[in-house]
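Read the figures in this text as sums done on the coordinates, not as results from a lab. Keep in mind it's a predicted model, so treat the numbers as computed, not measured. All Cβ positions, glycine included, derive from the backbone under ideal geometry; neighbour counts span all protein chains shown.
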Amino acid sequence: MIVEEPNLHANALRVLQSRYLLREQDNRAAETPGGLFRRVAQAVAQAELQYGGDAESCADIFFTLMNDLLFLPNSPTLMNAGMERQQLSACFVLPVDDSIDSIFTTLRQAALIHQSGGGTGLNFSKIRPAGDPLGPEPGRATGPLSFIKIFDAATDKIRQGGKRRGANMGILDITHPDIAAFITAKKEPGTITNFNLSVGITDAFMRAVEANTSWSLLHPASGNVAQEIPARELWNLLAEMAWESGDPGIVFLDRIEEANPVPAAGRINCTNPCGEVPLLPFEACNLGSVNLAKMILRENDRWKIDWNKLETTVKTAIRFLDDVIDVNAYILPQTETVVKANRKIGLGVMGWADLLMRLRIPYASDEAVALGKKLMQFIREKSHEASAALAAERGVFPNWPESKYYPGTRMRNATCTAIAPTGTISVIAGASSSIEPVFALAFRREHALGGADLEEINPVFAETLGEMGIAYEDISTHVMQEGTLAGTALPPEIKQVFLTAYEIDPSRHLLHQSVFQQFTDNAVSKTINLPAKTTVAETGAIFMQAWKLGLKGITVFREGSRGQVVLRPGISCKVCST
C-alpha cells in the first residue's frame, strides 16, 4: 500500500524517529510517519465494527485527520495502537489507602501503567501522618511523604512504554497534618523528580486565608483535630515554595467536585499528572488535541478562522476518541469497568499562540481573551453535539442515568473536553503548545532526545512577519540570540503580536486559562510563567486570583527558579525550521 506522507518539520521527524516509529530488530525504522498514522487509524477504526459501521472508510477519515496534522491523539495511542499491547490511555488515577498492602498494590499497578506508556495521579491523604502510632504494633508511621519517595524511586526505573520516563501527580489535602512537610518536599534540588506535586485546597481554606483565621489539620482516619495553625502561615509557605521551585501547584477540590459529571459514582480528589483530567479511583482518560494553527483560511490577504473546518475536525476527533475506549487494552480490570461506565474523553487544543499570530492578535490583549472564550465555547458545543449523536447511534454511557445530563441530554461521554499541555504532540504537529504563548521565537529544547537538543525558530512568526512586510533576515541574528523582539527597532504594535511567555503579564495568562476553563468539561493544564523579579507575595496573589476566577488548578513557574530547565530562549546557531 502506498501511504501519503505528512508535511513535517525537521524536529517532528526527529521526535517520531526517536520515540514513535516501529523498529526492526537492528533498530532500523520499520514504518514511515504516514505509516504510523495509517497504523493508528486502522487500529482505532476497528471499534466501528462493534456498531455495524464501516471500519475501512472510517480509517481513511482518521488517517487524513492525523496525516494533515489537524488532530493528534495522546502519545500512548500513537505508540501502541495496532500493537500487541494496545494500551492507549495517557491518564490514570489510582487509590492509595492507609495500609502496606494497599500502598504496595498501588505501586505495582502504577509500575504497570508507566511501563505501558501512561501516567498516574495519586492522592496520599488517607495515609496516617509521620509519628503516628501503628496501633498494637511497635514503631511509628513514616507518613505519606516517605511513600511518595518510594513511588518516585520506582518510577525512576521504569520508562513509559519503553520510550519516556514515567510521570506522576502527587496530591495531599490541605487538612493533612503533614501538609507543611509536603509543601517543602522539593526544597532540595533533585528531590522527587518524577512527580508533579499539588496541594488539594478547599474553598473553606481559601476563606480562612482571606479572613486570616486559624486552620484545623485533621487526622485522616479519625477526623479529629491534630493541630491548629494560622491559615496564612500555610498559604505563605505554599507561595514561597512555588516561587522558589515551581512546586507545589494547587488543585481546587471543591471546584473539581462541582463539575463532577457523575457525583453518584464518587467524589473526585485527584487528577492525572498534568492536572487537566480530574478522575475517580481507577479511572483513565483518552486525550487528543485539535491543531488550531490549521483551522484557518485566507480571505482578502488576511487569515481568518475556518469555523466549518473546525467543526468537522472536532466532531471527527470525538468519534476517534470514543472509538479508542472500545479498542483499548486495559492494564487493570478495575480501570476497564470504570472507564466504560463513564466513557470520559478529553479533546483539547494546540497552536493557540500560532493562531493568534496568524490573525495578528496580541496574546496579551482583550481581543485574544474574547476570541479564546468564543473559540472554546464553539468547541465544547460541537463536541457535545458529536457525543449526543454518538449516543443516538451507540447508546449513552452506562452511568448516564446518575449523571448531571439526565434526563435532558443523552450523551455518549461523561466528559468531552480537556486542555492538555501537548508537549510532544505539538512538536510533531509543528504547532505551539496547548493554549500557552510561545516560549520564545527561537529556542532550544535541552536534552529532548537521548541527551540531544532540539533547536527551532517558530515558523509562524517568520511567515507572519513577512506577511506584515518585514524581512525576517533583517532581525534574524537578534532573534536567534535572544529569542524575542525586545531590543529591536520594530514598531511597538508589531512587537505586541509576538510577545513571548515571560514578556506577558501573569494576569493575562490567568485570563486565558479562565476563559478556556469556562468551556472545558475537565480542566486546563497551563503554566503561569512569572518573570524572575516576581515576589513571593505576588505569587500568592496569583494563586488567590486563580481561585477567584474559578480555575480548577494552577501551576506557576518563575523564570530562573529551577536549576534544570527544558526550554531556553535563543539558539546556538542558525537552523532551518522546515
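Counting each DSSP H run of 4 or more residues in the chain as -39500 (n - 2.57), what helix-only mean residue ellipticity at 222 nm follows after dividing by all residues, to the nearest 500 deg cm²/dmol?
Result for the chain: -12000 deg cm²/dmol, rounded to the nearest 500.
Scan segment 243-338 for trypsin sites (Lys or Arg not before Pro) in coil per DSSP, keeping those whose Cβ has at most 12 other Cβ atoms within 10 Å, and list them by number. Write down the numbers at each step before the final one.
Values: sites: Arg255, Arg267, Lys294, Arg298, Arg302, Lys304, Lys309, Lys315, Arg319; in loops: Arg267.
Here the trypsin sites (Lys or Arg not before Pro) that fit, given the DSSP loop and packing criteria, are Arg267.
Estimated from the Cβ-Cβ distance and a Förster radius of 51 angstrom, the FRET efficiency linking Arg28 and Met468 is about 0.70.
R0 = 35 Å: FRET efficiency of Lys404 with Thr213, Cβ-based, nearest 0.05? For Lys404 and Thr213, the calculated efficiency is 0.60.
Bridgeable lysines around Lys373 (alpha carbons under 20 Å apart, same-chain partners fewer than 8 residues away excluded): Lys294, Lys304, Lys309, Lys315, Lys382, Lys526, Lys548, Lys552. Over the chain, calculate the relative contact order: mean separation of alpha carbon pairs under 8 Å at least 6 apart, over the residue count, as a percent. Worked out over the chain, it gives 16 percent.
For segment 1-94, the list of GluC sites (Glu not before Pro) that fall in a loop by DSSP and count at most 13 other C-beta atoms within 10 angstrom reads Glu4, Glu24, Glu84. With the simple spin-label model, which puts each label point 7 Å out from Cα in the Cβ direction, the Ala153 to Asp101 separation comes to 2.4 nm. Of Val497, Thr484, Leu551, which is farthest on the positive side of the dipole of segment 434-569, counting Cα position, with +1 on Lys and Arg Cβ, -1 on Asp and Glu Cβ, and the Cα centre as origin? Value computed over the given set: Leu551. Placing unit charges on each Cβ (+1 for Lys and Arg, -1 for Asp and Glu) gives the chain a dipole about its Cα centre, and among Phe282, Gly35, Phe104 the Cα reaching farthest toward its positive end belongs to Phe104.
Rounded to whole Å, give me the distance from the Cα center of segment 340-367 to that of segment 272-308. Here the two parts' Cα centres lie 6 Å apart. Provide the FRET efficiency to the nearest 0.05 for the Thr337-Arg85 pair, computing r from the beta carbons and using R0 = 22 Å. Computed FRET efficiency for Thr337 and Arg85: 0.65.
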